[in-house]
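Novice: Here it is: the structure, laid out below.
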Amino acid sequence: MKTAAELKFGERGVINSIDGSHPSSRRILEVGFTPGQEIELLSISAFNDPLAFSVRGTIIAIRKNEADCIKLL
């Protein structure tokens, strides 16, 4: 299963689930990364961390290891 961290610049995906065992899973859910939502990778920093995603009409930047807990369809 693909994760949000594996998206390429400009690629979209639909969130299938959030890995609840990840330490940041609660924070990820609280900022809007919830199952069924479409996300798009908008920006990758020079060092590939953090990543900026469009979620629910908002741009949210998260660390790459946090994006690994977001499983896509």
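Novice: Within the group GLY32, GLY36, which residue is at pLDDT 95 or above, loosely packed, with under 13 Cβ neighbours inside 10 Å, assigned to a loop (DSSP other than H, G, I, E, B) and in contact with a strand residue (DSSP E or B) (Cβ under 7 Å, 6 or more places away or on another chain)? Talk me through it step by step, then tell me what you get.
Specialist: Working: GLY32 fails: loosely packed, with under 13 Cβ neighbours inside 10 Å.
Step by step, each of GLY32, GLY36 is checked, and only GLY36 is at pLDDT 95 or above, loosely packed, with under 13 Cβ neighbours inside 10 Å, assigned to a loop (DSSP other than H, G, I, E, B) and in contact with a strand residue (DSSP E or B) (Cβ under 7 Å, 6 or more places away or on another chain).
Novice: Within the stretch 1-28, track down each residue that is more than 15 Å from ASP68 (Cβ to Cβ) and either surrounded by 15 or more Cβ atoms within 10 Å (Cβ to Cβ) or not basic (Lys, Arg) (or both).
Specialist: PHE9, GLY10, GLU11, VAL14
Novice: Would you point out the residue of the stretch 14-71, among those that are touching a His at 6+ places or on another chain (Cβ under 9 Å) and among the acidic types (Asp, Glu), that is nearest to THR3 (Cα to Cα)?
Specialist: Within the stretch 14-71, the match that is nearest to THR3 (Cα to Cα) is ASP68.
Novice: Out of (1) in contact with a helix residue (DSSP H, G or I) (Cβ under 7 Å, 6 or more places away or on another chain); (2) among the hydrophobic types (A, V, I, L, M, F, W, C); (3) in a strand (DSSP E or B), the odd one out for ALA5 is which?
Specialist: (3)
The values are calculated or read from the model by the stated rules, or taken from the named source; none is laboratory data. Only a predicted model underlies this, so the values are computations on that prediction, with no experimental measurement involved. Cβ: placed from backbone, ideal geometry, glycine included. Neighbour counts: every protein chain shown.
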